[in-house]
Amino acid sequence: MTTPIIEVADLTKEFWRPDVRPGRFAGTRSLFTRARKITKAVDGISFHIDPGELVGFLGPNGAGKSTTIKMLTGILVPTSGTVTVAGQVPWRDRRRNARTIGAVFGQRTQLWYDLPLRDSFEIIRDLYTMDPATYRTRLGEFTELLDLDEFIDTPVRSLSLGQRMRGDLVAAMLYAPPILYLDEPTVGLDVVAKGKIREFVAEVNAGRRTTVILTTHDMDDVERLCRRVVIIDHGKILYEGDVEMLKAQYVTSRDIVVHCTDFDATTISSPFAQVISADPFKATLRFAPETTAAPKVVHDLTSRYPITDLSVLEPDLEDVIRQLYTERTPAAARNTGS
Amino acid sequence: MVRTWSAVREDLRASRILLRAGWRAAMTYRVSFLSTIVGGVALQGTQLLFIGVLLSKFNVIHGWRFNDIALLFAMRLAAHAFYVVPFGALFSIDQAIQQGDVDRYLLRPAGIYLQVVTRYAPLMALGDMLLGFGSLALFAPQSSVSWTPGKVAFLIAALIGGGLVEAGLQTFLAGLSFRMTSTTSLRILADDTITRFSSYPLTMFSRWGFLSLTFIFPMAFIAYLPATVLLGRTDQLPIPAWLAYISPCGGLVVFTTGLAFFNRMIRQYNSPGS
Amino acid sequence: MYVDTLNTRLIGLRGLYRAGYRSVLAYRADLLFGVVGLVIQATLTVVVWRVLYAGHDEVAGIGSSTAVAYAVLAACIQSVVMPWQFSSLPQRVIRGQIGVDMMRPRSLISQNLAQAVGTMVGRLPIGAAGLITGLALGGVQAPHSLLDLLAWVVSMVLGIANIMTINLLVSMTAFWTLEIGGVLILYRFGSAFLSGALIPLWFMPGWLQPIISWLPFQAQIYAPLSIWFGTRHGAELLGTLAVQLGWVLVLFLLLQLVWRRAVHKVVVLGG
C-alpha cells in the first residue's frame with residue numbers, strides 16, 4: 001500500500017455575509033444590518049490521492065469544487081477538518097508547500113504581463129532557486145514539447161490564449177514539483193491547442209510521475225486523461241472512484257449502430273435490444289448493459305443480418321454526470337467499492 | 001508568528017528578483033514619463049501651493065514663521081517619498097485581492113507582503129521624490145536651523161523614520177483588506193489626513209488633539225516631532241523632550257506593528273470567486 | 001415602432017440616475033469613510049484657519065469667521081460633487097467598451113450626467129455630516145438674508161452644472177490620448193486650486209486674481225460661496241449669476257462639439 005500524497009479528512013469551509021431582505025432601501029439597510037448568512041461551501045469531505053495519480057475534479061459551478069482546491073493548495077484556511085499534502089499542512093507550511101506544488105489557473109496567468117515569456121521563466125528559476133543547468137535542460141525539453149520557440153520572446157500581454165496557457169504550464173512545471181493543480185486549463189482553446197495541452201499533462205504525469213489534480217468541465221479532458229474522478233456538489237462528494245466504474249454504475253443504456261449496404265435496415269430487430277431509429281441503411285438499437293452484455297447483442301445481430309459495419313457507442317460521460325447532478329444524492333449507496 | 005531566519009533570507013533574495021522584474025516591466029509602458037511625474041507631484045504639490053499662498057498673506061502660524069513652516073512641509077514631502085518609492089504598490093492591495101493575484105502569491109515561496117509591494121514599480125513616486133528632495137534643498141537652508149553634520153544625520157534618520165510611519169500606517173490598513181471588501185477609501189482617508197495636516201505645528205490642535213496625533217494616529221512622528229528637535233522647540237511640547245529626540249525610531253515601531261498585523265490578517269483571507 | 005417621447009427619455013435617464021445613486025451605497029465602507037473623512041477634515045480645517053487668524057482681525061478684507069466657514073463649506077461641497085472617481089468614461093474608452101455605450105438609445109452625454117447626478121445625491125449624507133460638524137464647532141453661519149440663501153441655491157445649481165460639464169469634457173480627452181491618467185490628475189488638482197475650493201480667491205496674490213476670474217473654474221465654488229457670505233449684492237449678484245449661466249451654456253456647447261468629434265473619431269475612423 002502506497003502512502004497517499006494527499007489526504008483530506010472531514011474538510012469543511014464556511015463563509016458568511018450580511019443578510020438583507022430585498023425591497024425598498026435594501027441598499028441603505030445593508031449599511032446597518034448585523035444579521036449574517038452562513039454558507040457551508042464544503043461540508044465534511046474526505047478522500048485521498050496516491051502519488052502519480054491523475055485525478056479529475058468535477059462539479060457544477062459554486063458546488064465547492066474550487067473551494068476544496070483552494071484548501072488543498074493552501075490559499076484558504078479550512079473551518080474544520082484536516083488537509084495533508086506531501087506530509088505538510090498547506091496553509092501552515094505555506095512556503096515549503098509552495099515548492100512542492102505547481103498550479104495553473106485557467107482564468108488568471110501567473111506570468112509577468114509586460115515582460116517577454118522567457119523573462120517569466122527566468123524569474124521563476126530564480127525565485128525557486130533552480131540550478132541553472134537543470135533549468136536550461138528542462139526549459140529546452142518543454143520548449144520542444146509545446147513549441148514555445150515562436151513566441152518565447154514575445155511579451156505575455158501579446159500572446160494568444162493558447163500560447164499563454166502553454167507558457168503557464170511550463171512555468172508551473174519548471175521546478176518539477178511533485179504535485180500539479182490544473183484549473184480549467186483547456187477552456188476557450190481550439191482543438192489543436194487542447195490536444196497539445198493534454199499531451200503535455202499526460203507526459204508530465206506518466207513520464208515524471210507528477211501527481212495531477214485536474215479541475216474541469218470538459219468531459220473530453222476527463223475521458224482522455226483521468227482514471228479517477230472526484231465529483232463534488234453542494235459541498236459534498238457525490239462520487240469518488242474510477243471513471244469506468246462510474247460509467248458502469250450509471251449507464252442504464254448503450255447504443256449499437258449497424259450499417260447495411262444491400263439490406264433494408266428498417267427490418268432489423270433483436271430480442272435483446274430496442275430499435276431507436278432506422279433508415280434503409282442504418283439502424284440504431286438500444287440495450288441495457290446491466291441485463292445484457294454487449295457481445296451478446298452484437299453476436300445476435302451479426303449472426304442474423306448481413307451487417308457491413310457495426311459500432312457499439314461508448315457511454316457518454318456527460319450524460320452520466322448530468323444524471324448524477326440531477327439526482328444529487330451521494331453515491332455511497334450505489335458505490336460498490338472504490 | 002515569529003519568522004524563521006531562512007524565511008527572511010528567502011525574502012531578501014526574492015525582493016531583489018521581484019523589484020528588478022517590476023522596474024523592467026514599468027519601462028515597457030507607453031505612457032509618457034512626464035505624465036507620470038505630473039501625477040506624482042499633483043497631490044502633494046497642491047498642499048505646497050496652499051501653504052505658500054496662505055503664508056504670504058498670514059506670516060505666522062502658531063508662532064512658527066514662514067521659513068520654518070516651509071521646512072516642516074519639505075520634511076513631510078521628503079519623508080513621503082521614502083514611503084511611496086519602496087511601498088507605493090501597496091495602494092493596489094484591493095485590486096491584488098479582487099483580481100486573484102493574492103491567490104497566486106500564496107502559492108509562491110516568498111512573503112505575501114513582499115509580493116504585494118513589488119507587484120509593480122510605482123513610477124509616480126519619482127515625482128514625489130523630485131518634489132520632496134527639491135523642496136528640502138530649497139527650504140532647509142532658509143529655515144532657522146543652524147545646520148551641523150549631526151543635525152543633517154538626524155534629518156536623514158527622521159525622513160526615513162517618517163517614511164516608515166506612513167508605510168506602517170498604510171500597511172496596517174491594508175491588512176484590513178483581507179477582512180473587508182474594500183479599504184481603498186479608508187486608506188485614502190488616512191493619506192489625505194496626513195497630506196493635509198501633518199505639516200503643521202501639531203500642538204495647535206489642542207493638547208488632546210496633539211496627543212491623539214502622536215499616540216493614536218502617530219503622524220506627529222513624520223515631520224513635526226523631528227522638526228521641533230532641529231529647531232530647538234522641544235520645550236513647546238506637552239511630552240518629554242527625549243521622546244522627540246528618538247522620534248526617528250517611531251517609524252520602526254509603527255512599521256513593525258503594521259506589518260505584524262498585516263501578516264496576521266492573511267489568515268482571514270477569503271479568496272474571491274468560487 | 002419605438003417612439004422616443006420625452007417621457008421615455010426621462011424614464012431611461014432615471015434608470016441611470018438610480019445606478020449612480022446605488023453605486024454609492026454598494027460600498028458601505030466607502031460611504032462611512034467618506035463621512036468620517038469629511039468630519040475629520042472639517043474639524044481640523046476649522047482649527048487651522050482659526051490659528052491662522054490668531055492676532056489678525058481681518059486679512060484681505062475678510063474676517064476670521066467668514067474664512068473658517070468658507071473652508072468648511074468648500075470642503076463639504078467638494079466631497080459631495082467632486083469625488084475621487086471620475087465617470088467611468090475614460091476606462092470604457094481605453095477598454096474599448098465605448099462602442100456598446102454608443103449604441104444605446106440615450107445620448108451618452110445625458111447618460112453620464114444622469115449617473116453623475118445620482119452619485120452626487122447618494123453622497124449628500126457625507127456633505128450633511130460635514131455641515132453638521134461645522135455648525136457644531138460654531139464654524140459655520142447661515143447666509144444673512146433669505147434672498148442670499150435663494151440666490152445661493154441658484155448659483156450652486158449653476159456651479160454644479162459647471163463642474164459636471166467640465167468633468168465630462170476632461171473625461172472625453174480619453175478619446176484622443178493615452179495619457180488620460182495624467183490629464184485627470186492635473187485637472188483634479190488644478191481645478192481644486194482654481195475653483196476656490198482650496199483657498200478662497202480673496203487670498204490669492206493680486207496678479208493671479210484677474211487670470212482666475214476669467215476662467216470657468218471660479219464659477220464652480222468661489223462664485224456660489226461668495227453669494228452665501230453676502231459679498232455680492234444687487235447688480236453684482238445678477239452679474240455673477242449671469243456669468244455662471246454663460247459659462248454653463250458655453251461649456252455645454254463645447255461638450256456637444258467635442259462629443260460629435262469623438263463619435264466621428266470612433267465610428268468613422270474606428271478610433
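The values are calculated or read from the model by the stated rules, or taken from the named source; none is laboratory data. All of these numbers come straight from a predicted model, not from anything done at the bench. Every residue, glycine as well, gets a Cβ built from its backbone with ideal geometry; the counts of neighbours run over all protein chains shown.
Data for the structure
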quantity	calculated
Scope the stretch B:59-84; condition facing another protein chain (nearest Cβ under 9 Å) and crowded, with 19+ Cβ neighbours inside 10 Å; matching residues	B:I61
Test set (1) more than 12 Å from every other protein chain (Cβ to nearest Cβ); (2) surrounded by fewer than 22 Cβ atoms within 10 Å (Cβ to Cβ) - B:L169 fails condition number	(2)
Selection count where residues are on the phi < 0 side of the Ramachandran plot, away from chain C (no Cβ under 14 Å) and not in a helix (DSSP H, G or I), scope the stretch B:194-252	10
Pair list, Cβ under 9 Å, 6 or more apart: the stretch A:51-73 residue more than 15 Å from A:K236 (Cα to Cα), other residue among the charged types (D, E, K, R) and assigned to a helix (DSSP H, G or I)	A:G56/A:D221; A:K70/B:D103; A:T73/B:D103
Residue in the stretch C:46-86 that is farthest from C:V117 (Cα to Cα), counting only those that are within 20 Å of the chain's Cα centre (by Cα) and hydroxyl-bearing (S, T, Y)	C:Y70
Condition check for B:L213: buried (at least 19 other Cβ atoms within 10 Å of the Cβ) and among the aliphatic types (A, V, I, L, M)	yes
C:S155 being buried (at least 21 other Cβ atoms within 10 Å of the Cβ), more than 14 Å from chain B (Cβ to nearest Cβ), at pLDDT below 90 and in contact with a Pro (Cβ under 9 Å, 6 or more places away or on another chain)	no
Options B:F221, B:F210, B:F205, B:F197; residue that is in contact with a helix residue (DSSP H, G or I) (Cβ under 6 Å, 6 or more places away or on another chain) and at pLDDT 95 or above	B:F221
Among the residues listed as C:T177, C:T133, the single one being out of contact with any strand residue (DSSP E or B) (no Cβ under 7 Å at 6 or more places or on another chain), without any contact (Cβ under 8 Å) to a residue 12 or more places away in the chain and among the hydroxyl-bearing types (S, T, Y)	C:T177
Condition broken by A:K196, with the remaining ones in (1) in contact (Cβ under 8 Å) with a residue 12 or more places away in the chain; (2) surrounded by fewer than 18 Cβ atoms within 10 Å (Cβ to Cβ); (3) in a helix (DSSP H, G or I); (4) not β-branched (V, I, T) satisfied	(2)
Condition met for C:R22 (buried (at least 16 other Cβ atoms within 10 Å of the Cβ), closer than 28 Å to B:S182 by Cβ and within 14 Å of chain A (Cβ to nearest Cβ))	no
Residue check for A:T266: part of a helix (DSSP H, G or I) and hydroxyl-bearing (S, T, Y)	yes
Subset of the stretch C:4-62 (residues that are part of a loop (DSSP other than H, G, I, E, B) and of a type in the set (S, T, N, Q))	C:T5
Matching residues, the stretch A:154-164, being in contact with an Asp or Glu (Cβ under 9 Å, 6 or more places away or on another chain) and outside any helix (DSSP H, G or I)	A:P155
Residue within the stretch B:107-125 that is among the small types (G, A, S), part of a helix (DSSP H, G or I) and at pLDDT below 95 present	yes
Search result, residues across the stretch C:188-200 that are within 11 Å of chain B (Cβ to nearest Cβ), closer than 26 Å to C:T173 by Cβ and not basic (K, R)	C:F189, C:G190, C:S191, C:A192, C:F193, C:L194, C:A197, C:L198
Selection within the stretch B:224-267 - buried (at least 21 other Cβ atoms within 10 Å of the Cβ) and within 18 Å of the chain's Cα centre (by Cα)	B:Y224, B:L225, B:P226, B:A227, B:S247, B:P248, B:G250, B:G251, B:V254, B:F255, B:G258, B:F262
Any hit, the stretch C:237-256, residues being at pLDDT below 90, within 28 Å of C:M172 (Cα to Cα), over 18 Å from the mean Cα position of the chain (by Cα) and surrounded by fewer than 24 Cβ atoms within 10 Å (Cβ to Cβ)	yes
Residues satisfying the stated conditions in the stretch B:142-188, i.e. farther than 27 Å from B:S92 by Cα, small (G, A, S) and assigned to a helix (DSSP H, G or I)	B:G150, B:A153, B:A157
Residue check for B:S92: away from chain C (no Cβ under 11 Å), farther than 21 Å from B:S143 by Cα, in a helix (DSSP H, G or I) and small (G, A, S)	yes
Any hit, the stretch A:226-241, residues being surrounded by fewer than 23 Cβ atoms within 10 Å (Cβ to Cβ), among the acidic types (D, E) and assigned to a strand (DSSP E or B)	yes
Residue match in the stretch A:243-252 (condition: charged (D, E, K, R) and at pLDDT 90 or above)	no
Selected residue [of a type outside the set (A, V, I, L, M), out of contact with any Gly (no Cβ under 8 Å at 6 or more places or on another chain) and not in a loop (DSSP other than H, G, I, E, B)] from A:T129, A:T143	A:T143
Residue within the stretch A:70-89 that is under 30 Å from A:V320 (Cβ atoms), of a type in the set (D, E, K, R), in contact with a His (Cβ under 8 Å, 6 or more places away or on another chain) and modelled with pLDDT under 95 present	no
Any hit, the stretch B:28-36, residues being out of contact with any Ser or Thr (no Cβ under 7 Å at 6 or more places or on another chain), among the aliphatic types (A, V, I, L, M) and within 14 Å of chain C (Cβ to nearest Cβ)	yes
Strands (runs of 3 or more DSSP E) fully within the stretch A:38-124 counting 1 or more residues that are more than 10 Å from every other protein chain (Cβ to nearest Cβ) and over 22 Å from the mean Cα position of the chain (by Cα)	A:80-85
Meets criteria (part of a helix (DSSP H, G or I), without any contact (Cβ under 8 Å) to a residue 12 or more places away in the chain and within 27 Å of C:A26 (Cα to Cα)) for C:I185	yes
Residue check, B:A78 at pLDDT 95 or above and either in contact with a Gly (Cβ under 8 Å, 6 or more places away or on another chain) or within 22 Å of B:S247 (Cα to Cα) (or both)	yes
Hits in the stretch B:162-205 (condition: more than 21 Å from B:L43 (Cβ to Cβ) and of a type in the set (G, A, S))	B:G175, B:S177
Residue that is nearest to A:M130 (Cα to Cα) [pool: residues in the stretch A:146-170 that are of a type in the set (A, V, I, L, M) and either crowded, with 23+ Cβ neighbours inside 10 Å or over 20 Å from the mean Cα position of the chain (by Cα) (or both)]	A:V170
